[in-house]
Every structure is written in C-alpha cells, then in structure tokens.
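Some notes on the structure that comes next.
The values are calculated or read from the model by the stated rules, or taken from the named source; none is laboratory data. Remember, predicted model here, so these are calculated numbers, not experimental data. When we count neighbours, we look across all protein chains shown, and the Cβ atoms used for this are built from the backbone with ideal geometry, even at glycine. Heads up: the accessible areas ignore ligands, DNA and RNA and are worked out on the full protein's heavy atoms, side chains in. Shrake-Rupley method; radii C 1.70, N 1.55, O 1.52, S 1.80 Å.
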Amino acid sequence: MDKILVHGGRRLRGSVRISGSKNSALPILAATLLTKEPCTITRVPDLSDIHYMLTILGELGCEVERASGMVQIRAEHVSTAAPYDIVRKMRASVCVLGPLLGRELEATVSLPGGCVIGDRPIDLHLRGFEALGATVRVAGGNVKVLAPKLRGARISLRSNFGSTVLGTGNVMMAAVLAEGETVIDGAAEEPEVVDLANFLNAMGAKIEGAGSRTITIQGVKELHGANHEVIPDRIEAGTFLVAGAISGDEVALQRIQPEHLRTVTEPLAEAGFEILSNGSQLTIRPGAQRRPLKISTMPYPGFPTDMQAQMCALLASTGGISVVTENVFPNRFMHVAELKRMGADIALQGPTAVITGVPKLSAAPVMASDLRASAALVLAGLQAEGVTEVNRVYHIDRGYESIDEKLNALGAQIERVKA
Ligand code: UD1
C-alpha cells in the first residue's frame, strides 16, 4: 500500500489550480443515465471515486469515453442493477438509484455498508422515492426500488442532522421525469446540488429553487443530451487554504468560486489570517497573530463537515483553546487520535473536540482513516518537526487530484513511496 512521507517545516509560496468538484461530478455523471443522448462533462477530476462511478456506468451499459478532464457518456441502453463489487467501494454509488428509477422505473444497488465516519443511512433517499410512488424492497443486501409510474409529490428530506446532499440529488433526479409537480422541502442547499440542478435543466428538466430549502420540479416527458462544466472543488480549495494558513508565506488558489468558500474564509480571517479575493482567485497570508477558534459544522451555508479535520490540524498548533463541534457526522473524529500521536493536545467530549494549541507538532507514523482525515494528517505533517509517514493513502486519492504534486509545486517536500 502506498504511503506518503511529509518532510515538515517547509514554507509554501505560489499558486495552485483547483480541480473540479468530486462531490458535484459524481451525481452529475450519474444523471447522464437520464437520457439516451450523449452528454459531455468537463472539469471532471482524475480521482479513484470518479473512476468507480465511470466503471459503474460502464457496467450499467453506458458508452464512456474519457480524455483529460472530459468525459463523454451515452446511455442508449441501460440495465437497472449496479454490480456489488464496485458499489461497495463507494457510498456515492447510491446516486444511480434516482436516475435509473426516473428513466426505467426500477433500480437495484447494494445497500451501502458501515463506514468509518459512522452510520450513514439512506432512509431519506428511500422515503423520497416512496413519496413519488415507488416501492422499496431490501433483500440479499440489495435495495430495489420500483414503480408502475412516478407521480410528483411534496417531500420533506429533513433529518436530525440537517438535510441530505446526495438524497436531495437522488430525489431530484427521480422527480425530473415524474408526472406533475414535486416539491422538496428541507432540501440541501450545497453548491453541488445547484450544479446538479443546472446540469439537469440544461438537459431539459424544469427545476427551480436549487440552493434554497425548497426545490420545485415540474416533471417533463424526456431529457436530452447536454454539455456541462463541473464547479470548482470547494473542499480541495479549503484544504489548500488551510495548508497556506499552516505553512504559507503566501498561497493563491486559482479557478475557484470564492463565494462557495465564505464558510471557510470567514473563520480563517477570524483566526487572524489575511485573505484577499480577486475574481476567481483567493490568496491567504499570515496575519500579525494567530487566534484560536470556536467552530461548529453545519450543512451549507454553515462550516463544512468535510473541512473539520483539516481545521483541527491547524488549530492543534494555534495558541489558546479552540472548540470544534461536529454536528453533521458526530463520530467523525478518527483523525484526533492520530493528531495526538503527533503531539496535539485534544480532548474529545462527545461530538466536541477541545483543542489546546501546542507550539509545535512532531512527526510520527500515522494512519489515514478516511478521505478528509488523511488530508488533515498531511497538513499536520507540513508543520511537524521531522518526517511524517501517512499510511493508507488510497483514502486521499479518492478525493484529491495529485495533492502531493500540487503541494510540492508550492514548496512542500512530500514523497510518495510505492509499497
Ligand atoms: C455528502 C458528501 C460528503 C459530505 C456530506 C455532508 C458527496 C459524494 N458526499 O455526503 O462529502 O460529508 O454530504 O456535507 O457528495 N442522513 C440520514 N438519512 C439519509 C441520508 C443522510 O439520516 O437518508 C444523515 C447522515 O447520516 C448525516 C447527514 O444526514 O448525518 C448528512 O448526510 P448527507 O448530506 O446525506 O451526506 P452525503 O450526501 O452522503
């Protein structure tokens, strides 16, 4: 298994081009199942999760062609059961359910299994499909949804933890071909939901209100092919902002949408960093003094759960006491034990991490447990004394395009060791 060696203490300076959003691209690729006509998606990041999604689409019968950031898909004939071997590798595979149900009135995928960031149910997705007229059957580890026809309905997708991002996308994709009007209350407001709605509208769907709590969909008879460019990855961008905060003299992010990053730049400014916005570029510089923070993760437009681990890596070496509360996935703290192995002083109290900043972290062999936790360990390594060995880096390759090369271009010293 590959590992990454991070030589700590190097200063970062320069600019980095941010890739297309993984979390946007995955449901958008799945949405191409809704038409027999060809679709072209650009700015698709080169990541293992994207590879899994394209493999699933291929197995479902789509013709898939890929060339540097561009993917062409034609779903002329499709089957309705996604193969377990691939689905089990990526939870986001569930987002083929909505478009298959919408088009074929039937879909089967394996139920997503346990996951290191806690129990991640899909009950809200299924409740939405049922409201549209589908029956849900669970047997042999699979979930099957089928319907004689889909009818528009009023659906609430609110959960105790906010709304559901992929659930909103899934229900939206099923509803675009349903008869009549569907209203989703408690919809997720994330920019990735808006991006998906924009793609569906480009295919001929009639969706209004994406980006707000209420989305209204007028069903149409069929969709046609469309071209679409995926939005920039706000979580990759946020991760590079934190890298700049941790070790940067001046780091500029290029090709981003700064308004998607406000939830990250505002706390970074509060922590004392200077952040300059210029069109599609953001620059971070150290300020006069670093300050601790109190942050709570929330659905968009709150502070993203996908940035919580990286922020812990920064606050671990920020003087004073910081408090980080995880409201979206309350068990998402696997990185804490690893950061403590690097000398961080963090006490967990239920869904809250109390972080007492230490002057310096020290290198240690650490284990990546999930995608964002592994990014946090690389960020911790940038500031640690010595060489930090991050094991199980396949997690990081699921969601960061060439993170080692991009950080090295900014002045970091990171080696990837092939096992
Ligand atoms: C997406 C993102 C993930 C991010 C998460 C929250 C993708 C591919 N992944 O995941 O990176 O961390 O949003 O911003 O886009 N829930 C239920 N029932 C459901 C569905 C969800 O109770 O049917 C709960 C979850 O357990 C969690 C909360 O709702 O506590 C939010 O989860 P959700 O928004 O669905 O996450 P994903 O869409 O899977």
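Values for this structure:
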quantity: Cα-based helix-to-principal-axis angle, 48-59 vs the chain, degrees rounded to 10; calculated: 20
quantity: Euclidean distance between Cα centres, the range 348-365 to the range 1-37, Å; calculated: 27
quantity: R17 paired with V220, simple spin-label distance in nm, labels 7 Å along Cα-to-beta-carbon; calculated: 3.2
quantity: For the chain, calculated [θ]222 nm from helices alone, where every DSSP H run of n ≥ 4 adds -39500 (n - 2.57); calculated: -9000 deg cm²/dmol
quantity: Accessible carbon and sulfur surface of the chain relative to its total accessible area, %, 1.4 Å; calculated: 47
quantity: Loop sites in the range 386-419: trypsin sites (Lys or Arg not before Pro), DSSP, at most 10 other Cβ within 10 Å; calculated: K418
quantity: Accessible area in square angstrom per residue, the range 22-229, 1.4 angstrom probe; calculated: 40
quantity: From phi via Karplus (6.51, -1.76, 1.60), per-residue ³J(HN,Hα) for the range 239-244 in Hz, x at Gly/Pro; calculated: 5, 5, 4, 5, 4, x
quantity: Within straight-line cross-link reach of K340, lysines at Cα separation under 26 Å, skipping those fewer than 8 residues along the same chain; calculated: K3, K294, K360
quantity: Computed over the range 22-229, the ratio Rg/Rh where both radii use C-alpha atoms and Rh is Kirkwood; calculated: 0.92
quantity: Stokes-Einstein D (µm²/s) once Rh is taken as the Kirkwood radius of the chain over alpha-carbon pairs, at 37 °C in 0.692 mPa s; calculated: 151
quantity: Relative contact order, percent, the chain [alpha-carbon distance under 8 Å, six or more residues apart]; calculated: 21
quantity: Total charge dipole magnitude, the range 22-229, about the Cα centre, Cβ charges on Lys, Arg, Asp, Glu only, Debye to nearest 20; calculated: 380
quantity: Mean Cβ count within 10 Å, highest first, over the residues of peptides 195-203, 136-144; calculated: 195-203, 136-144
quantity: Degrees between helix 371-383 axis and first principal axis of the chain (Cα, 0 to 90, nearest 10); calculated: 20
quantity: Simple spin-label estimate for T42 and S277 in nanometres, 7 Å along Cα-Cβ; calculated: 2.5
quantity: With Cα atoms, 0 to 90° folded angle of helix 165-175 axis to the chain main axis; calculated: 20
quantity: Debye, to nearest 20: dipole size of the range 120-203, +1 on Lys, Arg Cβ, -1 on Asp, Glu Cβ; calculated: 440
quantity: Centre separation in Å (Cα based) which lies between the range 261-289 and the range 175-202; calculated: 32
quantity: Nearest-20 debye value, the chain charge dipole, Cβ charges on Lys, Arg, Asp, Glu; calculated: 520
